[in-house]
Amino acid sequence: MTVYVALLHSIVLAPGRRVIMSDLRDMATSLGYRNPRTLVSTGNIVFEAPSSPIGDMEARLEQAFRARFGKPVDILVRTAEDWRTIA
């Protein structure tokens with residue numbers, strides 16, 4: 001399993017765009033991602049999954065987000081190791 005971090009762009013802009021983090025974790029679980037966790041209300045998700053093309057993961061998460069919450073959001077996924085390298 002690989003640890004991934006998904007950053008959701010601007011989900012907490014206004015009252016109509018708020019997302020409950022437990023719902024976001026449930027969405028990730030429904031996609032088969034393991035041990036999803038969020039940091040307060042940032043809209044960032046850390047989860048575990050088998051290695052997969054990043055673009056496919058981003059597309060799956062974006063489609064699931066739109067289906068579950070009724071609004072589009074851009075999602076950027078990288079491995080935890082990639083984020084450490086960037087930092």
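Hey, does region 12-19 have a residue that's at pLDDT 95 or above and not in a helix (DSSP H, G or I)? No, region 12-19 contains no residue that is at pLDDT 95 or above and not in a helix (DSSP H, G or I). Taken over region 69-86, residues that are assigned to a loop (DSSP other than H, G, I, E, B) and at negative phi amount to 4.
Here ARG60 passes the criteria (1) exposed (fewer than 13 other Cβ atoms within 10 Å of the Cβ); (2) part of a helix (DSSP H, G or I); (3) at pLDDT 95 or above except the one numbered (1). Restricted to region 69-82, and to residues that are in contact with a Leu (Cβ under 9 Å, 6 or more places away or on another chain) and of a type in the set (A, V, I, L, M, F, W, C), which residue is surrounded by the fewest Cβ atoms within 10 Å (Cβ to Cβ)? Here the answer is LEU76.
Residues in region 25-79 that are aliphatic (A, V, I, L, M) and touching a residue at least 60 places away in the same chain (Cβ under 8 Å) were compared, and the one that is farthest from VAL5 (Cα to Cα) is VAL73.
Okay, residues lined up against (1) open to solvent by less than 50 Å² (accessible area, probe 1.4 Å); (2) assigned to a strand (DSSP E or B):
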position: LEU7; (1), (2): no, yes
position: ALA28; (1), (2): yes, no
position: ARG37; (1), (2): no, yes
position: SER51; (1), (2): no, no
position: ALA67; (1), (2): no, no
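The values are calculated or read from the model by the stated rules, or taken from the named source; none is laboratory data. Predicted, not measured: the structure shown is a model, and the values here were computed from it. Positions of Cβ are backbone-derived with ideal geometry, glycine not excepted, and every protein chain shown enters the neighbour counts. What goes into the accessible areas is simple: the full protein's heavy atoms, side chains included, and nothing from ligands, DNA or RNA. Shrake-Rupley method; radii C 1.70, N 1.55, O 1.52, S 1.80 Å.
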